[in-house]
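Undergrad: Next up is a structure, given as structure tokens.
What follows draws every value from the coordinates through simple rules; no lab data is involved. Note that this is a predicted model, so its numbers are computed, not measured. Note that we place each Cβ from the backbone using ideal geometry, even for glycine, and neighbour counts take in every protein chain shown.
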């Protein structure tokens, strides 16, 4: 092989080696970047999972409480009637002057059926406070979504209360796998 | 350089009778033709320090104008015992810059004068042919040529006999004993009768001329430094190229090693990551169940968690108000917003509310505009608190 041919061959091999090295470096960097991203995802998942497992007892106890204590949903009318009865009885007990409640459209969320009412009433401020306390007991699963209290200028000490509330029901198909 | 012989056949490239020939399977020595060298003899008196022989040879060659043509090629010499206790110094000087055409020395690194690779019996002179030239070699008794010279004659005739006689007579004058026998390489053309009669004549040297089989090249002990300058230059150039190649190869190997190490580390990292993911999957179902429980609990929290009840919010609002001198006129609560307004007896009381709400409802972003002073000196205030992600001001 002549020196010029050898030089050409060496140059060709050198270019090949350099090219292969460059491609390898790029591939390695790409791989490294992907691994870093995956590592970040795994780390985040580990932290989340660890945090969840640390609070396992707390959340599973709450779940069990909800599974066992939340009222079962039977029918739409039954649910509405139950809620209305609770509201009217409580208002009557606290001597609130309540207008006819307005039934809200029922909703289904991933966690419950919601049967709701919108109501307006008047009464003394302490009576309204007691009404709210009686109405929203943990065992009743009633959420007050909106509440407004307005003082009645002509009647000192009395307030007008407007509430939008829902009661949560659990249907059989919403039970968790463990409960099933 | 020693001219003693190892009795070992030499694998070499040597100048054959007419052309270069290869001796042995794997040639490792180049036997350079005798015409590239000049052999010179001179005697020094007995008692001279032998350690000075090298310097004496050097001075003698310089005096005769036979100094080596390049310093690296150098010369070699051998000392023989002469008559009357004197010593005969035989020196070999390289007189060429390159090997003759046709000698392919690529890859070979050892160079020796061909004459020193031939066996010359004690008390004998030998004639052999190299690339068409006749070469005469004479021994002082060590089995190798102590002196060699290319003959000017192209055939072994009477004239050649005369030339040989002259050479041997001059060697005798320099202290080298005249040989008794002249050996002709068996493949040489038959010497002419004039040649033989000239040398065997009792008025001449009285040599016995006979044909002897060629014993083949032998390995001389030690290595000569008689290497042509151009061959040295080419070797250096090759060496430089090889150094460069070695450097490049080393860099490439280093690069490959770094890449391989990097790949290995990344592979280990990927494997560790897979192991961590597998470990995550072990508790994945339980974690999903807990997450579902958490979501459900969060969604329904305001229906069973007393701290989230409307009355609790109302209590917190009431606790922002000063004990006296304030009238709450209106309050509204919805999931993202708490708003209340009223009147106080003066601005200071209203400002107190503005301070309290941020302490009691730290989770809300509050808007509390400067209280408006009414005609009767009382101050009207309004406070709007929004949860993160909610927008809006006072309605």
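Undergrad: Report the paramagnetic label zone for residue A:54: residues of segment B:288-303 whose backbone N is under 17 Å from a point 7 Å from Cα along the Cα-to-Cβ axis.
TA: The answer is B:290-291, B:294.
Undergrad: Could you work out the mean count of beta carbons from other protein chains within 10 Å of each residue's beta carbon in A:138-148? Let's see the in-between values first.
TA: Values: counts 5, 1, 2, 4, 5, 10, 10, 5, 6, 9, 7.
That average works out to 6.
Undergrad: A follow-up question, please. If you take the C-alpha gyration tensor of segment B:5-227, multiply each eigenvalue by 5 and take the square root, what semi-axes do you get, largest first, in whole Å? If you can, show how the numbers build up before the last one.
TA: Working: eigenvalues 128, 119, 47 Å².
Computed over segment B:5-227, the values are 25, 24, 15 Å.
Undergrad: Continuing with this model, one more query. How large is the Rg to Rh ratio of segment A:71-174 when both quantities use alpha carbon positions and Rh follows Kirkwood? Please list the in-between numbers first.
TA: Values: Rg = 14.3 Å, Rh = 14.2 Å.
Result: Rg/Rh = 1.01.
Undergrad: Among B:214, A:36, what is the fewest-to-most ranking by other Cβ atoms within 10 Å? Walk me through the numbers before you get to the answer.
TA: Details: B:214 16, A:36 12.
Result, fewest neighbours first: A:36, B:214.
Undergrad: At what distance in nm do the modelled label points of residue B:282 and residue A:26 sit from each other, each positioned 7 Å from its Cα along Cα→Cβ?
TA: 4.1
Undergrad: Let me ask you something else. Based on the Kirkwood radius over alpha-carbon pairs, what value in µm²/s does the Stokes-Einstein equation return for the translational diffusion coefficient of segment B:155-312 at 20 °C and 1.002 mPa s? Could the numbers behind the result be given before it?
TA: On the way: Rh = 26.8 Å.
For the chosen part, D equals 80 µm²/s.
Undergrad: With a cut-off of 8 Å between alpha carbons and a minimum separation of six or more residues, what is the relative contact order of chain A in percent? Write out the running numbers ahead of the final one.
TA: Numbers: 200 pairs, mean separation 36.4, N = 180.
20 percent.
Undergrad: Stokes-Einstein at 4 °C, 1.567 mPa s, Kirkwood radius from Cα pairs: D for the protein assembly as shown in µm² s⁻¹?
TA: Working: Rh = 35.8 Å.
Here the translational diffusion coefficient equals 36 µm²/s.
Undergrad: Based on the Cα gyration tensor of segment A:1-54, what are the three equivalent ellipsoid semi-axes, each the root of five times an eigenvalue, rounded to whole Å and given largest first? Could you put the intermediate results ahead of the total?
TA: On the way: eigenvalues 512, 6, 3 Å².
After diagonalising the Cα gyration tensor, the semi-axes are 51, 6, 4 Å.
Undergrad: Hey, another quick one. Which whole-number percent gives the relative contact order of chain B, counting Cα pairs below 8 Å spaced six or more residues apart? The partial results should precede the final answer.
TA: Working: 666 pairs, mean separation 54.0, N = 395.
Across chain B, relative contact order equals 14 percent.
Undergrad: Right, something else. In which sequence would B:264, B:148, B:75 go, from the one with the fewest C-beta neighbours within 10 Å to the one with the most? Before the final figure, lay out each step's value.
TA: Details: B:264 10, B:148 27, B:75 22.
Final ranking by Cβ density, sparse to dense: B:264, B:75, B:148.
Undergrad: Taking a quarter of the surface of the Cα convex hull of chain B, what do you get in nm²?
TA: On the way: hull surface 182.3 nm².
So the mean shadow area of the Cα hull is 45.6 nm².
Undergrad: Per DSSP H run of n ≥ 4, the term is -39500 (n - 2.57); total these for the protein assembly as shown, divide by its residue number, and report the mean residue ellipticity at 222 nm rounded to 500 deg cm²/dmol.
TA: Numbers: 11 runs with 231 residues, N = 575.
Counting only the DSSP helices, I get -14000 deg cm²/dmol.
Undergrad: Given points 7 Å out from each Cα along the Cα-Cβ axis, report the residue B:186 to residue B:95 separation in nanometres with one decimal.
TA: If labels sit at residue B:186 and residue B:95, their model points lie 3.3 nm apart.
Undergrad: Here's another thing I want to ask about it. How would you rank B:103, B:39, going from fewest to most other Cβ atoms within 10 Å of each one's own Cβ?
TA: Numbers: B:103 19, B:39 22.
In order of increasing Cβ crowding within 10 Å: B:103, B:39.
Undergrad: Hey, what's the Cα Rg ratio for chain A versus the globular rule of thumb, 2.2 N^0.38 Å?
TA: Numbers: Rg = 33.5 Å, N = 180, 2.2 N^0.38 = 15.8 Å.
Chain A yields a ratio of 2.12.
Undergrad: Taking the Kirkwood radius as the inverse of the mean 1/r across Cα pairs, report the Rg/Rh of segment B:306-386.
TA: Using Cα coordinates only, the ratio equals 0.96.
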